[in-house]
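Everything below concerns the one structure shown next.
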Amino acid sequence: MQFIDTLKIPKDDQLRNLRKIEPPEYNALLKLLDHVPSHLVTLQGAEFNQLVRCQSEIENMLRAWAVDDDHTHHRRQFSCASELTHPVLTIGRLMELCPDEATPSVANYFAFIADKDLRENLSVDMNAIDLALANSEWKAATVLAGALSEALLLWRLSQDSLPGLKSALAASSLTKKPDPSKLEWWTLHEYIEVAAMRKIFRDATIEQLRLSKDFRNLIHPGRSQRTGMICNRATALSASAGVLHVSEDLK
């Protein structure tokens with residue numbers, strides 16, 4: 001952590017001591033730690049316990065200073081004698097073990113996809129949707145979920161034969177038939193209707209996708225103004241439900 005480097009912790013035989021002239025910096029460190037998103041603190045077991053103990057040591061020291069009027073005590077010693085380094089240096093070392101950005105959740109939604117790079121990219125997107133929902137970021141969740149549904153349908157339809165796609169297109173209700181040899185140019189609406197004809201997904205999944213297919217376009221202010229629709233909790237949950245239905249069916 002860059003902030004810890006600015007504190008200039010002494011690396012001598014006084015490693016366990018904290019100068020009384022530095023409480024503002026240590027208060028700032030505690031506040032910064034409080035603002036680290038919980039999903040980025042990936043420490044477990046002894047390392048997590050060590051982080052909590054070091055934070056508690058600093059908090060206890062600062063509380064002691066707050067009621068100490070004896071200015072002759074310019075140093076107080078931390079009590080966790082088992083630590084070999086200053087608690088702040090220990091915190092810095094532990095935080096370096098944590099990621100700087102969110103990583104895919106342990107539960108892999110897309111284990112059915114053999115392509116490792118594609119699977120990991122989709123998992124990152126799914127994780128971003130989960131975080132957006134948790135943070136009430138409705139537009140981000142809505143648009144990401146729509147894009148992820150589109151990516152999954154493209155992947156699945158690319159497994160089909162060209163004759164099968166042509167047959168499904170001919171039987172579909174689409175008025176304008178896209179080129180079956182250029183799947184990557186299709187729209188989400190076209191993917192959904194052809195997938196429906198191919199009986200790839202349950203009827204409930206297709207219905208959910210149809211309900212949410214236009215939500216991702218609300219990223220464009222003009223469309224939102226024309227339709228009178230905005231991204232909200234309902235659109236975010238509906239679009240996310242579509243992704244989960246697709247994933248469950250593809251498993």
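The values are calculated or read from the model by the stated rules, or taken from the named source; none is laboratory data. No experiment lies behind these values; they were computed from the predicted model shown. Neighbour counts are summed over all protein chains in view; Cβ atoms, including those assigned to glycine, are modelled from backbone coordinates with ideal geometry. Just the protein is used for accessible areas: all its heavy atoms, side chains included, with ligands, DNA and RNA removed. Shrake-Rupley method; radii C 1.70, N 1.55, O 1.52, S 1.80 Å.
Return yes or no: is Arg202 at pLDDT below 90, open to solvent by 50 Å² or more (accessible area, probe 1.4 Å) and out of contact with any Cys (no Cβ under 9 Å at 6 or more places or on another chain)?
Considered against the rule, which asks whether it is at pLDDT below 90, open to solvent by 50 Å² or more (accessible area, probe 1.4 Å) and out of contact with any Cys (no Cβ under 9 Å at 6 or more places or on another chain), Arg202 comes out as no.
Can you name every residue in segment 123-157 that is aliphatic (A, V, I, L, M) and over 12 Å from the mean Cα position of the chain (by Cα)?
Selection gives Val143, Ala145, Ala147, Leu148, Ala151, Leu152, Leu153, Leu154, Leu157.
For segment 84-107, how many residues meet the condition of being at pLDDT 65 or above, open to solvent by less than 70 Å² (accessible area, probe 1.4 Å) and assigned to a loop (DSSP other than H, G, I, E, B)?
Total satisfying the criteria: 4.
Check Ser149 against each of (1) at pLDDT 90 or above; (2) part of a helix (DSSP H, G or I); (3) open to solvent by 30 Å² or more (accessible area, probe 1.4 Å) and name the one condition it does not meet.
(3)
Of everything in segment 152-190, what is assigned to a loop (DSSP other than H, G, I, E, B) and hydroxyl-bearing (Ser, Thr, Tyr)? Give them in sequence order.
Correct list: Ser158, Ser161, Ser172, Ser173, Thr175, Ser181, Thr187.
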